[in-house]
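Chemist: Structure below; questions to follow.
The values are calculated or read from the model by the stated rules, or taken from the named source; none is laboratory data. Just so you know, these numbers come straight off a predicted model, no measurement behind them. Neighbour counts are summed over all protein chains in view; Cβ atoms, including those assigned to glycine, are modelled from backbone coordinates with ideal geometry. Heads up: the accessible areas ignore ligands, DNA and RNA and are worked out on the full protein's heavy atoms, side chains in. Shrake-Rupley method; radii C 1.70, N 1.55, O 1.52, S 1.80 Å.
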Amino acid sequence: MKVLTVVRHAKSSWKNPVLRDFDRPLNKRGKKDAKLFSQYIAESQAAPDRIVSSPAKRAIVAAEHFKEAFKMQDDHLIEEQIFYFEGRQAITERIASFDDAWNNVFIFGHNPDWHDLVEHYTGKPIAQFPTLALASISFEVNSWSDLTDKIGNLDLFLVPKMMSWHQKSEN
């Protein structure tokens with residue numbers, strides 16, 4: 001069995017209009033949500049074998065929070081350029097090439113690709129895939145290269161706004 005957990009980057013800052021999209025940092029809420037949400041997920045889910053992330057600042061910083069929460073080694077976080085707006089087809093091809101020794105992988109990236117990817121693998125429509133949304137999908141396969149559309153089971157879908165700590169901070 002393979003488990004793919006798809007995570008969208010945390011809320012980013014638009015304060016500096018001259019920054020390239022690639023370089024936008026997390027805003028205050030994004031930093032807080034990434035820290036608290038990653039801790040919650042690390043307490044409730046099995047640690048992944050690897051975390052693979054878009055190299056964009058807002059994605060890699062969110063991924064680093066999860067790496068730290070799971071107490072993973074630095075080399076278990078891999079930056080993948082294809083995860084930065086290269087489209088679902090390129091992303092699924094990269095996932096198909098994952099090392100089969102990895103059974104549980106978290107990936108970090110961006111919409112619309114992440115939203116499209118979850119719907120592609122599960123065959124289920126998702127109304128929204130907001131910042132820091134997390135979708136865990138299991139597949140009854142032995143190899144990442146066997147993943148195809150509509151064969152995944154959506155086991156978990158969470159967003160920070162569902163969490164009690166987030167509701168308290170909004171009031």
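Chemist: Run residue 92 past the list (1) part of a helix (DSSP H, G or I); (2) open to solvent by 70 Å² or more (accessible area, probe 1.4 Å); (3) among the polar types (S, T, N, Q) and report the number of the one that doesn't hold.
Modeler: Only one criterion is unmet by residue 92, namely (2).
Chemist: If you don't mind, there's one more thing I want to ask. Residue pairs, Cβ under 6 Å, 6 or more apart or interchain, first in the range 12-38 and open to solvent by 100 Å² or more (accessible area, probe 1.4 Å), second modelled with pLDDT of 90 or more and not β-branched (Val, Ile, Thr). List them.
Modeler: Within 6 Å, the pairs are 35/65.
Chemist: Of the numbered conditions (1) open to solvent by 50 Å² or more (accessible area, probe 1.4 Å); (2) modelled with pLDDT of 95 or more; (3) hydrophobic (A, V, I, L, M, F, W, C); (4) under 26 Å from residue 119 (Cβ atoms), residue 85 satisfies every one except a single condition; which is it?
Modeler: (2)
Chemist: Determine the pairs where a residue that is on the phi > 0 side of the Ramachandran plot and in contact (Cβ under 8 Å) with a residue 24 or more places away in the chain, located within the range 64-93, has a partner that is of a type in the set (Ser, Thr, Tyr) and assigned to a loop (DSSP other than H, G, I, E, B) with Cβ atoms under 9 Å apart, the partner being 6 or more residues away or on another chain.
Modeler: Between residues of the range 64-93 that are on the phi > 0 side of the Ramachandran plot and in contact (Cβ under 8 Å) with a residue 24 or more places away in the chain and residues that are of a type in the set (Ser, Thr, Tyr) and assigned to a loop (DSSP other than H, G, I, E, B), the close pairs are 85/54.
Chemist: If we keep just the residues of the range 116-163 that are of a type in the set (Ser, Thr, Tyr), outside any helix (DSSP H, G or I) and under 22 Å from residue 84 (Cα atoms), which is least open to solvent (accessible area, probe 1.4 Å)?
Modeler: 136
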